[in-house]
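Here is the structure we will look at, set down as structure tokens.
Where a number appears in this text, it was derived from the coordinates with a stated rule and is not lab data. Just so it is clear, the structure is predicted and the values come from calculations on it, not from any experiment. Methodologically, a virtual Cβ is constructed for each residue, glycine included, from the backbone with ideal geometry; neighbour enumeration extends over all protein chains shown.
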Amino acid sequence: MEAYSPIAHGEALKNPAIVKMAEKYGVSAAQLCIRYVLQLGAVALPKTADPAHMESNADVDFVISEEDMETLKNMERIANYGDFSAFPVFSGKPLA
């Protein structure tokens, strides 16, 4: 299983709870999101053209506690992906 855009096209980076949890681990919100996806057993496919972000995205050698994983799993779903809400996978509309 793959996780395309594990940072939800940047929308997850705006979530104060994710930002606060990332600070707890001493990582960026993007790193927390990528690590979350990996701990779920999926392949994370973050997209960036910035070499510094690529390096940071790969630096996820930490473990999110089970309690924090449950918190992340049960967070309120992102309702609006901005320009990316048109994609059927995010819009809640059927694919066919």
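Quick notes on this one:
- Normalised size of the range 2-68, defined as Cα radius of gyration per 2.2 N^0.38 Å with N residues, equals 1.01.
- The ranking of ASP50, ASP68, ASP59 from fewest to most other beta carbons within 10 Å of each one's beta carbon is ASP50, ASP59, ASP68.
- Proxy reagent accessibility, fewest Cβ within 10 Å first, across GLU70, GLU76: GLU76, GLU70
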